[in-house]
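Following: one structure in structure tokens, then a few remarks.
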Amino acid sequence: MDTKIQRLDADEVRRRAAGRWDQILRSLAPELHDALDKPKKHFPCPVHGGKDGLRVFKNVAETGGVVCNTCGPKADGFATLRWLKGWTFPEALREVDAVLGGGPAVLVPVVTLPAKQVDRAARDQRNADLREYTKKLWAESAPIMDEKAEVLRRYLNGRGLAVTEDIYALRLHPSLPYVDEDGKFVARYPAMIARVAAPDNARITLHRTYLTEDGHKAPVESAKKVLPYPDDLTMHGAAIRVSRSAVVLGISEGIETALAVTELFDIPCWAAINATLLGGFEPPAETQWLMVFADKDVSQAGERAADTLWEKMLDRGIRFTVHYPPIDVPEGEKGVDWLDYKLACSAPGKP
Ligand SMILES: [Zn+2]
């Protein structure tokens, strides 16, 4: 096929989309509605979770661009949709064309549009820097049973959790810089580092829990954060493989919750980090029974995530069960998880 004609078609969709990205994203990506309503504000990222890393570009109607502090900038609407939905460029192009009322006459191109050289160079540099930094942090961190990881063991013990050498996804970094949402350096803290793995177990990034020397959570705005990752990788399907892969596998949101589940029920349990990622979790091929150890949230976010994951698993032919902690959410709290249940069980005079 003539790539020139195909490229013209892509250009043509791009031209029609310019100035209308606000509406296009509203149609195709309801998860961006809040950010589109308040373009100056920061929102939780629909891909990796977090508290307030995402905002739309000032000129989002013109470009369709958004930026997440962790997932990186998405320069235009096609990049935004590919990142959000896991679509290929031709898929994104087809969806945008459909929203714009295009007919089947528009060909789907097999070539991507030529990116601006300067953008590509900056992007490649960012990706290379992030890979290097991730590798460096992991190498600087001590395995959980190492004598240098005392702070990590103190933290986990303090949360009521046992420490074993099987927990190889967790390490302690002795002195990790904490940077606020505007990129400003605040201070250095020891940090629990967790390896975030893709469905094929390749490392995507690291999850950080900032601690104090005496093993508490550090007094910072977001003590738990995902390290920014290269934009040629995706968080879709990712998890922290807290313990080994298994035929019967548990999945929870938090790392500490996963550890509590393993202690309570003696089954391997992984951590999806948050409700957003739990909904998109991709179990390993050998898993035949996926047990979701959901959080019981007042907002029902945990329940919705379990529903989303259940829909995704419907045709997989694997057994799927959801388990909520059998305790009530205390007055004034946002929710309870399986670690809360474990602690309630060990408290004197409790269930
Ligand atoms: Zn993100």
(request) Mind checking which of Pro284, Val220, Cys269 is farthest towards the positive end of the chain's charge dipole, using Cβ charges of +1 (Lys, Arg) and -1 (Asp, Glu) about the Cα centre? (result) Val220
(request) Grab the beta carbon distance between Phe265 and Glu331, set R0 = 25 Å, and tell me the FRET efficiency rounded to 0.05. (result) 0.35
(request) For His323, tell me the accessible area in Å² from a 1.4 Å probe, rounded to the nearest 10. (result) 50 Å²
(request) For the range 163-233 and the range 283-326, compute the distance between their C-alpha centroids and round to whole Å. (result) 25 Å
(request) Taking the Cβ of Trp138 as the centre, find all other residues whose Cβ is under 10 Å away and add up their charges (Lys, Arg: +1; Asp, Glu: -1). (result) +4
(request) Leaving ligands, DNA and RNA out of it, report the carbon-plus-sulfur percent of the accessible area of the chain at a 1.4 Å probe. (result) 52 percent
(message) Give me log10 I(q)/I(0) at q = 0.06, 0.07, 0.12 Å⁻¹ for the chain, Debye formula, one equal scatterer per alpha-carbon, no solvent.
(response) -0.25, -0.33, -0.94
(request) Could you provide, to the nearest whole Å², the per residue accessible area of the range 143-345 with probe 1.4 Å? (result) 46 Å²
(request) Please give the net charge around Pro284, taking every other residue with its beta carbon less than 14 angstrom from that of Pro284, where Lys and Arg add +1 and Asp and Glu add -1. (result) 0
(message) Compute a Gaussian network model of the chain, connecting alpha carbons closer than 10 Å, and tell me which residue from Phe281, Phe293, Phe185 fluctuates the most.
(response) Phe185
(request) Could you rank Ser346, Ser245, Ser141 by how accessible they are, 1.4 Å probe, largest area first? (result) Ser346, Ser245, Ser141
(request) Springs between alpha-carbon atoms under 10 Å, Gaussian network over the chain: tell me which of Arg126, Arg14, Arg316 tops the mean-square fluctuations. (result) Arg316
(request) May I ask you to rank Met192, Met145 by accessible area, largest first, using a 1.4 Å probe over the protein chains only? (result) Met145, Met192
(message) 7 Å from Cα along Cα→Cβ at both Asp34 and Lys184: what's the point-to-point distance in nm?
(response) 2.4 nm
(message) Can you tell me, using C-alpha contacts under 8 Å and at least 6 residues apart, the relative contact order of the chain as a whole percent?
(response) 11 percent
(message) Quick check: pseudo-label points 7 Å beyond the Cα along Cα→Cβ at Ser222 and Gln300, how many nm apart are they?
(response) 2.7 nm
(message) Sequence gap of 8 or more, or different chains, plus Cα separation below 29 Å: how many lysine pairs satisfy both in the range 143-345?
(response) 25
(message) Mean-square fluctuation check for the chain, GNM, Cα pairs under 10 Å: which of Ala92, Ala306, Ala194 is largest?
(response) Ala92
(request) Calculate, in nm to one decimal, what Ser27 and Thr321 gain on full extension: separation in residues at 0.36 nm each, minus their alpha carbon distance. (result) 102.6 nm
(message) With a 1.4 Å probe and all protein chains left in place, how much accessible area per residue does the range 4-110 have, in Å²?
(response) 49 Å²
(request) Can you quote the Å³ per residue value for the convex hull of the Cα atoms in the range 143-345, rounded to an integer? (result) 128 Å³
(message) Tell me whether the range 4-110 comes out rounded, prolate or oblate; compute the Cα gyration tensor, take square roots of the eigenvalues as a ≥ b ≥ c, and use a/c under 1.5 as the rounded threshold.
(response) prolate
(message) Projecting each Cα onto the charge dipole of the chain (Lys/Arg +1, Asp/Glu -1 at the beta carbon, about the Cα centre), which of Leu309, Ala75, Met145 comes out farthest on the positive side?
(response) Ala75
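The values are calculated or read from the model by the stated rules, or taken from the named source; none is laboratory data. What you are looking at is a predicted structure, and each value in this text was computed from that prediction instead of being measured. All Cβ positions, even for glycine, are placed from backbone atoms using ideal geometry, and neighbour counts span all protein chains on display. Quick note on the areas: whole protein, heavy atoms, side chains included, nothing else; ligands and nucleic acids left out. Shrake-Rupley method; radii C 1.70, N 1.55, O 1.52, S 1.80 Å.
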